[in-house]
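Written out below as structure tokens is the structure these notes cover.
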Amino acid sequence: MTRSDLVEELANRFGQLTHRDAEFAVKAILDAMNDALVRGHRIEIRGFGSFSVNRRPPRMGRNPRNGESVAIPEKRVPHFKPGKALRESVDERTAEIESNKSS
């Protein structure tokens with residue numbers, strides 16, 4: 001699912017929302033999440049999962065072309081951990097789909 005698919009789904013589910021309003025709502029939510037992660041905050045959406053920022057320490061890597069050592073600087077990367085309800089829902093639904101395919 002892409003961002004535009006999400007906007008379409010939101011506009012279709014809520015008839016009172018125009019396409020432009022749905023687009024604005026999705027952008028506002030994603031911007032708020034982005035800003036929170038940039039500030040180092042953790043985002044927790046019960047039943048869905050949590051987003052946090054993980055620190056990757058600096059390390060030495062290798063250039064695959066010539067084998068030279070390359071210093072890789074420290075990075076901070078976003079991390080998503082799915083919630084229990086999401087994990088169970090995905091597991092259940094994919095099992096249903098697979099059993100229907102084999103029937």
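Here, each number is a calculation from the coordinates, and none is a lab measurement. In this text the structure is predicted, and so the values were computed from the model without any measurement. Neighbour counts are summed over all protein chains in view; Cβ atoms, including those assigned to glycine, are modelled from backbone coordinates with ideal geometry.
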Report task. In nm, give the distance between the simple-model label positions of Met33 and Glu92, each being 7 Å from the Cα along the Cα-to-Cβ direction. Result -> 2.2
Requested in this report: With the Cα gyration tensor of segment 1-42 in hand, convert its eigenvalues to equivalent ellipsoid semi-axes via √(5λ) and list them largest first in whole Å.
Outcome: 24, 10, 7
Report task. For a quick protection proxy, order the peptides 35-41, 61-67 by their average other-Cβ count within 10 Å, most packed first. Result -> 35-41, 61-67
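Does segment 36-90 come out rounded, prolate or oblate, given a ≥ b ≥ c as the square roots of the eigenvalues of its C-alpha gyration tensor, rounded meaning a/c under 1.5 and, failing that, prolate meaning a/b above b/c?
oblate
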Requested in this report: Place +1 on the Cβ of every Lys and Arg and -1 on the Cβ of every Asp and Glu in the chain, take the dipole about the Cα centre, and give the residue among Leu37, Gly61, Phe14 whose Cα lies farthest towards its positive end.
Outcome: Gly61
Query raised in the report: Relative contact order, percent, of the chain when contacts are C-alpha pairs under 8 Å separated by at least 6 residues?
Result: 19
Query raised in the report: In square nanometres, what is one fourth of the surface area of the convex hull spanned by the alpha carbons of the chain?
Result: 11.5
**Report entry** Rounded Å value of the spacing that divides the Cα centres of segment 56-87 and segment 1-27
**Finding:** 33
Query raised in the report: Mind listing the phi-derived Karplus ³J(HN,Hα) values for segment 30-46, rounded to whole Hz, using 6.51, -1.76 and 1.60 with θ = phi - 60°, and x for any glycine or proline?
Result: 5, 5, 5, 5, 4, 4, 5, 5, 4, 6, x, 7, 9, 10, 10, 10, 4
